[in-house]
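Here is the structure we will look at.
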Amino acid sequence: MTAVAAPIRAKRVLPGFTLSLGTTLLYLTFIVLIPVLALILKGAEIGPARFWQIVSSPRAVAAFQITLTAAVIATVFNAIYGLLMAWVLVRYEFRGKRILDALMDVPFALPTAVAGLSLTALFSANGWFGGVLEAAGLQVVYTIWGIALAMAFTSVPFVVRTIQPVLEDMDPALEQAAVTLGARPWAIFTRVVFPAILPAWLAGCTTAFARSLGEFGAIVFIAGNLPFRTEIAALLAFIRLEEFDYNGAAAIALVLLGFALVLLIASNLLQNWAAKHREATR
Amino acid sequence: MTHTHLPGQTRQGERLLIGIAVVTTLLFIAAPLVYIFARAFSQGWQVYAENILHPATLHAIWLTTVVAIIVVPLNVAFGVAAAWAVAKHRFPGRGILVTIIEIPFSISPIIAGICYLLLYGRQGLLGPWLQANDLQVMFALPGIVLVTMFVTAPFVAREVLPLMQAQGSEQEEAAVTLGANGWQVFTRVTLPNIRWALLYGAVLCTARAVGEFGGVSVVSGNIRGQTNTLPLHVELLFNDLNAVGAFAAASTLTLIAVVALILKAVLEGRRA
């Protein structure tokens, strides 16, 4: 912003550097880093052999499989629904658009336990949707579909809110040129619009996937929590804690932490790509 | 909001897409929201009031309020400090610092709870020392506050930081040149510029703090009438098969969420 070539000291015109950075580092160290370090130290204490034994036990493997499968289902749904919502909210004008836009923030603002309670009741046999669906032979509550539903609900804003600004910034001239050249709407979407929003779409989906893997509050209500059937990894870690099996809990938590950090890095890389991409296409 | 009607797009296709979007959102997002109030009031106002005024529910509301009152101001102070350090100064490791601030977003609250238990719990790293000094962190208010601080850490910083970066430092530098001290620069120049983003961040932080479930359920121990926050109380009532009670308790949390969303809409209008 100012004087790029000047030496570092000259740039510190504004006061409060030591105080603000000190506060930030102190807060992050005590609230975030030391607790995470405690988990990693616990993992080291367990040792690789025991660690592997815990995470490769049949119940843990089943829990990881259920979590991953449900998160994939939820993310595929959100990839399509989130893209549609971003498109409709940016490109069209219609009555009630602002309400529709505000509704996209509901999953962020609503506590996950409340979302879980409501979805469970809504989709159980005597709820508004459950009766209809069960008559059609589809059971949602206490199945993997219920887990996926809870994951999809809590993570959909990540997809919508990542694509929206990119679509808003897109230069209409690109599409108008395609129209002038005689391209059909679908061709314009797949050849012009979609490539432009692809990095943002992937970044949003990655964040939504990460969020789904870690989701707990909404799922414990709807899943029924049967081992080997509808027990997610986060819940298994929680159960191990209640059994005072701290090693078991820590090992499962470390695997989830590993997933979370890898996905955080992936999402950051994708967002950097998206930012560069955005500069190029506007 | 620029919107272009491309000649190639058919009105029919547009209507179809809007239709699908509206119907899906009504079923998927709006229905769960409305259903909470429908169920909470399903047996009338009186039963609703009885459920809300039940001592255990009142205690949960009180505890959740206390947690929010402690956590939100601390988080605001942290968020402003982090934004000020990162946006107004150049130093090595800024990028890493921003990533670390975002870590709590991608870590499951359950994992956060486990981290705290492994640090402060009876078998934790600091467990023996805490016990020797008769300090109770886990299964008590301090644990709930700490884990909520972890989960909400990025909320204010994430709103204020991009705004401070976009605004640059010219105004503050001018103020310093004119002889203002640090506190004057912050309260008279920076704060008026960021106040809406700051307020919005605080609103989001409050909504998240009162709704925190996973992390708190690990560190609270769910002691009825003692460490039961409002979201935990919802689960407890649900497990007790008291559905109307669970929905009544949930409706108070939903109300906070709805107020947060309305404030968001208002604040976005101000910022635009």
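The values are calculated or read from the model by the stated rules, or taken from the named source; none is laboratory data. Owing to the predicted nature of the structure, the values given are computational and were not obtained by experimental measurement. In this analysis, Cβ positions are derived from the backbone assuming ideal geometry, glycine residues included, and neighbour counts consider all displayed protein chains. For accessibility, only protein heavy atoms count, side chains too; no ligands or nucleic acids. Shrake-Rupley method; radii C 1.70, N 1.55, O 1.52, S 1.80 Å.
For the peptides A:101-108, A:40-47, what is the packing order when you average, over each peptide's residues, the other Cβ atoms within 10 Å and list the highest mean first? Write down the numbers at each step before the final one.
Numbers: A:101-108: 20.1, A:40-47: 15.6.
With the highest mean Cβ count within 10 Å placed first, the list reads A:101-108, A:40-47.
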ask   = For the stretch A:160-174, in order, what is each residue's ³J(HN,Hα) by Karplus, 6.51 cos²θ - 1.76 cosθ + 1.60 with θ = phi - 60°, in whole Hz (x at glycine and Pro)?
value = 4, 6, 7, 7, 3, x, 5, 5, 5, 7, 4, 6, x, 4, 4
query = In Å and whole numbers, how far do the C-alpha atoms of chain B stretch along each principal axis, longest first?
reply = 70, 62, 31
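Take B:Asp240, A:Asp169, B:Asp134 and sort them by solvent-accessible surface of the protein heavy atoms, 1.4 Å probe, largest at the top. Mind showing how you got there, number by number?
Values: B:Asp240 80, A:Asp169 55, B:Asp134 135 Å².
Output order, biggest surface exposure first: B:Asp134, B:Asp240, A:Asp169.
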key: Exercise: per-residue mean of other protein chain Cβ atoms within 10 Å, B:242-248   = 2
remark   = In short, the stretch B:41-82 residues buried by 20 Å² or more of accessible area relative to the isolated chain (1.4 Å probe) are B:Phe78, B:Ala81
inquiry  = With Kirkwood's inverse mean 1/r over C-alpha pairs for Rh, give me the Rg to Rh ratio of the stretch A:212-282, two decimals please.
reply    = 1.21
key: Dimensions in Å of the protein assembly as shown - Rg and Dmax from alpha carbons   = 24.3, 79
message = Cut-off 10 angstrom, C-alpha nodes, Gaussian network model of chain A. Which of A:Ile163, A:Ile54, A:Ile219 fluctuates the most?
response = A:Ile54
ask   = With each run of n ≥ 4 DSSP H residues scored as -39500 (n - 2.57), what mean residue ellipticity at 222 nm is computed for chain B after dividing by its residue count and rounding to the nearest 500 deg cm²/dmol?
value = -24000 deg cm²/dmol
message = If DNA, RNA and ligands are ignored and the probe is 1.4 Å, what is the ranking of B:Thr64, B:Thr177, A:Thr143 by accessible area, most exposed first?
response = B:Thr177, A:Thr143, B:Thr64
request  = Could you work out the Kirkwood radius for chain A, taking every pair of different alpha carbons, averaging 1/r and inverting it, reported in Å?
outcome  = 21.9 Å
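For chain A, what does the relative contact order come out to in percent, with C-alpha contacts under 8 Å and a separation of six or more?
Working: 305 pairs, mean separation 74.6, N = 282.
About 26 percent, as a whole number.
For the pair B and A, how large is the buried accessible area, both sides, in square angstrom to the nearest 100, if the probe is 1.4 Å?
Details: alone 16150 and 16720 Å², together 24460 Å².
The buried area between B and A, both sides summed, comes to about 8400 Å².
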request  = Using only Cα atoms, locate the centre of the stretch B:135-152 and the centre of the stretch A:40-101, then give the distance between them in Å, rounded to an integer.
outcome  = 26 Å
note = A correct Karplus calculation of ³J(HN,Hα) over the stretch A:35-51, with 6.51 cos²θ - 1.76 cosθ + 1.60, θ = phi - 60°, whole Hz and x for Gly and Pro, returns x, 5, 4, 4, 5, 5, 4, 4, x, 5, 5, 5, x, x, 5, 5, 4
Mean Cα-pair separation over length for chain B, i.e. relative contact order, pairs under 8 Å, 6 or more apart, % = 30 percent
Chain-alone versus full-assembly comparison, the stretch A:246-282, residues with accessible loss of at least 50 Å² (1.4 Å probe) = A:Tyr246, A:Leu264
ask   = Using a 1.4 Å probe, what is the accessible area per residue for the stretch B:34-176, in Å²?
value = 42 Å²
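Send over the per residue convex hull volume for the stretch A:21-179, Cα only, as a whole number of Å³. Walk me through the numbers before you get to the answer.
On the way: hull volume 37.3 nm³, N = 159.
Per-residue hull volume (Cα only) is 235 Å³.
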query = How large is ³J(HN,Hα) for each residue in the stretch B:137-149, as worked out from phi by the Karplus curve 6.51 cos²θ - 1.76 cosθ + 1.60 (θ = phi - 60°), to whole Hz, x for Gly and Pro?
reply = 9, 6, 6, 8, 3, x, x, 4, 5, 4, 5, 5, 4
In the stretch B:211-272, trypsin sites (Lys or Arg not before Pro) in a DSSP loop with at most 16 other beta-carbon atoms within 10 Å = B:Arg224
request  = Using a cut-off of 15 Å between beta-carbons, work out the net charge of the residues near A:Phe244 (Lys and Arg +1, Asp and Glu -1, A:Phe244 not included).
outcome  = 0
remark   = P(r) of the stretch A:109-222 over all Cα-Cα pairs, 10 Å bins starting at 0, rounded to whole percent, reads 14, 30, 23, 20, 12, 1
query = Other chains' Cβ within 10 Å of B:252-262 residues: what's the mean?
reply = 4
request  = Quantify how strongly other chains surround peptide B:212-220 by giving the mean number of their Cβ atoms within 10 Å of each of its Cβ atoms.
outcome  = 5
query = So what is the calculated 222 nm ellipticity per residue for chain A, using -39500 (n - 2.57) for each DSSP H run with n of 4 or more, over all residues, to the nearest 500 deg cm²/dmol?
reply = -24000 deg cm²/dmol
message = As I understand it, the dipole of chain B uses +1 on the Cβ of Lys and Arg and -1 on the Cβ of Asp and Glu, about the Cα centre. Which of B:Leu230, B:Thr25, B:Phe213 lies farthest toward its positive end?
response = B:Thr25
ask   = What accessible area per residue comes out for the stretch A:25-281, rounded to a whole number of Å², with a 1.4 Å probe?
value = 42 Å²
query = Considering only protein heavy atoms, what is the solvent-accessible area of B:Tyr120 at a probe of 1.4 Å, reported in Å² to the nearest 10?
reply = 40 Å²
ask   = Using a 1.4 Å probe on the protein chains only, how many percent of the accessible area of the stretch A:25-281 belongs to carbon and sulfur?
value = 68 percent
message = Please list, ordered by chain and number, the residues whose modelled amide H lies under 5 Å from the amide H of A:Gly224; skip anything fewer than 5 residues away on the same chain.
response = A:Tyr142
message = Along the Cα→Cβ direction, 7 angstrom out, place labels at A:Asn272 and A:Glu168. What is the inter-label distance in nm?
response = 2.6 nm
